[in-house]
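The values are calculated or read from the model by the stated rules, or taken from the named source; none is laboratory data. Computed from a predicted model, the values in this text were never measured in an experiment. Note that each Cβ is placed from the backbone with ideal geometry, even for glycine, and that neighbours are counted across all protein chains shown. Just the protein is used for accessible areas: all its heavy atoms, side chains included, with ligands, DNA and RNA removed. Shrake-Rupley method; radii C 1.70, N 1.55, O 1.52, S 1.80 Å.
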Amino acid sequence: MAERIVLCIEPDAATVDEIRSELGPYGLAIESIPNGDDAIEWGRNGKPALVILSVEPRKVGYAICNKLKRSPSLRDVPLILISSEETLATFEQHKKLKSRADEYLLKPLDMAELTGKVDRLIGLGEKQQQTDEMDV
């Protein structure tokens, strides 16, 4: 089975490591590109199965979400918007937009909730056998 890739647009390396530890055992590779424009460019060619996008820094994540949802090659890729500064009320307002995310999560991330949302969006299947190799 071909490895599926999650594009993680998140400047905080610790959060990326948490996501990688949580989703890696399901056979998902995490491609971490903290810069939104670079990530969009990569995504057009990299064919991610899912995008996890941080609103921060400086709320630039909302603009990136808009660009992703307007891109012909990326608009159908499920997107989870995450934030350490926003509130559920702000996310409720964002959900009303045409270029909204598919799911929303506040940080610190609840890994069980993240796993559930990812499973609903792209189907995780069974955890795979653990290996000693870390994918980078």
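Key figures for this structure:
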| read-out | value |
| --- | --- |
| Filtered residue count, the stretch 119-129, keeping only those that are within 17 Å of Ile19 (Cβ to Cβ) and either open to solvent by 100 Å² or more (accessible area, probe 1.4 Å) or modelled with pLDDT under 70 (or both) | 2 |
| Unique match (being of a type outside the set (Phe, Trp, Tyr), in contact with an Asp or Glu (Cβ under 6 Å, 6 or more places away or on another chain) and not in a strand (DSSP E or B)) among Lys67, Lys127, Lys117 | Lys117 |
| Within the stretch 44-63, considering residues that are aliphatic (A, V, I, L, M) and open to solvent by less than 10 Å² (accessible area, probe 1.4 Å), the one farthest from Thr115 (Cα to Cα) | Val55 |
| Residue satisfying all of: in the stretch 13-43; touching a helix residue (DSSP H, G or I) at 6+ places or on another chain (Cβ under 9 Å) and in a loop (DSSP other than H, G, I, E, B); surrounded by the most Cβ atoms within 10 Å (Cβ to Cβ) among these | Ile33 |
